[in-house]
Amino acid sequence: MRTKTGSWLAAHGRLWYDDPWYRTAWIVWPQALGLLVFVSVWLFQPGGQGFVPWAKPVLETPGNTLTPGGYTLTPAKKTDTPPVAQQPVDVMAPCNSGGFPERIQACTSLLASGSLKGSDIPDAYYRRGSAYTETKQYQLAMSDFDRAIAISPNRSDFYDDRAVLWAELGNNDRAMQDLDQAILLKPDFARAFMNRGMVLGRMNRLNESVVALSTAIQLDPTLRQAFESRAYIYESRSDWRAMFDDANKMIELAPNDRVGYAYRGRAYMEAAQYQPAIVDFTKSISLDPGNIHGYRMRGRVYYFLNQYDNAMADFEAALRIDANDSYTLAFINDLKRRQR
């Protein structure tokens, strides 16, 4: 045994018997150190049940089950309410709400704010232009349509609405140019074909008008105005059967609009089916008592039935709406001659 080793053991022996704290330390500390090493290995072994990640404590709830190895999370039941998806904000909504003056003001505010981006900018001009058209501010409307088209030259609906404005201003040629461009951009644009047919009718190009209106109807059989415009042409041609068919479709699409009943009543009258004609003209009057056409035509049917008192009553009702109506005055003179 070396001298240094012997001296250390002699000192250790004296302290062991003479100092109780020294003796206690030699007994307790090795055991504590061994326990610490064991616990550390057990807690952090990979896949061990004692592994606890650094996180907030998990409370036991009906959806969490406490097991010997920790908490087991169970999936949510199907009855749980899913999170509500946030709907996108429509920045253009003010341009479509309220009356037309309110829409004009709303679109003007949006355009002045500088907050609009991308396609919203030409759309705001377009919507304001449409509102200007409805309030008969035609020059302002034209200016807005021009701006919208300059920014987005590929929007077919922009050309279609500007064409309607051109037609309203009496410039049918410019209207046709815009409608041709709208159809070129969107070959299945039913409304553009309908407006094209109406403009062609104004230009007295009736055959072309019927073709355009028929195309619009094929593309969209719900376009009531296309049926009405075509029925008007059939009436001018005395094609009563075709007008009758279009009138039936108008009534089907808009049963509370007087025009379909007026056209069908006229077709019945020309076919000498007077009783159904009276029914249709009466329906037309009930839907719009201020329209002169129903009284005038029903009076004419009574005239053909030799019911002169009823005929005169309807003619007088028509004159109360318009005392200078030339058709009604001519019918009254014809009635008086027949009575004589």
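The values are calculated or read from the model by the stated rules, or taken from the named source; none is laboratory data. Please read all numbers here as calculations on a predicted model, not as lab measurements. Here the Cβ is made from the backbone with ideal geometry for all residues, glycine too, and neighbour counts use every protein chain on show.
Observations on the model:
- Residue match in the range 199-208 (condition: of a type in the set (Asp, Glu), part of a helix (DSSP H, G or I) and closer than 18 Å to PRO153 by Cα): no
- Checking ASN291, ASN324, ASN248 one by one, the residue that is more than 30 Å from ASN207 (Cα to Cα) and either surrounded by 15 or more Cβ atoms within 10 Å (Cβ to Cβ) or not hydroxyl-bearing (Ser, Thr, Tyr) (or both) is ASN324 and no other.
- Residues in the range 93-116 that are within 11 Å of ARG128 (Cα to Cα), in contact (Cβ under 8 Å) with a residue 24 or more places away in the chain and out of contact with any Cys (no Cβ under 8 Å at 6 or more places or on another chain): ASN96, PHE100, PRO101, ILE104.
- Checked against the criterion of being among the hydroxyl-bearing types (Ser, Thr, Tyr) and either touching a strand residue (DSSP E or B) at 6+ places or on another chain (Cβ under 8 Å) or under 27 Å from ASP188 (Cβ atoms) (or both), the candidates TYR126, TYR138 yield just one match: TYR126.
- Out of ALA226, ALA272, ALA247, one residue alone is part of a helix (DSSP H, G or I), more than 28 Å from the chain's Cα centre (by Cα) and free of Cβ contacts under 8 Å to residues at least 40 places away in the same chain. It is ALA247.
- Residue in the range 329-340 that is closer than 21 Å to LEU213 by Cα, assigned to a helix (DSSP H, G or I), of a type in the set (A, V, I, L, M) and at pLDDT 95 or above present: no
- Test: residue in the range 104-124 that is modelled with pLDDT of 95 or more, assigned to a helix (DSSP H, G or I) and of a type in the set (S, T, N, Q): no
- Scope the range 170-212; condition more than 20 Å from GLN225 (Cα to Cα) and among the aliphatic types (A, V, I, L, M); matching residues: LEU184, LEU185
Here is a yes/no grid of residues against (1) hydroxyl-bearing (Ser, Thr, Tyr); (2) outside any loop (DSSP other than H, G, I, E, B); (3) out of contact with any Cys (no Cβ under 9 Å at 6 or more places or on another chain); (4) within 17 Å of ARG191 (Cβ to Cβ):
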{"site": "ALA216", "(1), (2), (3), (4)": "no, yes, yes, yes"}
{"site": "PRO221", "(1), (2), (3), (4)": "no, no, yes, yes"}
{"site": "GLU252", "(1), (2), (3), (4)": "no, yes, yes, no"}
{"site": "PRO255", "(1), (2), (3), (4)": "no, no, yes, no"}
{"site": "VAL259", "(1), (2), (3), (4)": "no, yes, yes, no"}
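- Residue check for ALA311: of a type in the set (A, V, I, L, M, F, W, C) and touching a residue at least 24 places away in the same chain (Cβ under 8 Å): yes
- The number of residues in the range 170-198 being under 28 Å from the mean Cα position of the chain (by Cα), among the basic types (Lys, Arg) and part of a helix (DSSP H, G or I) comes to 2.
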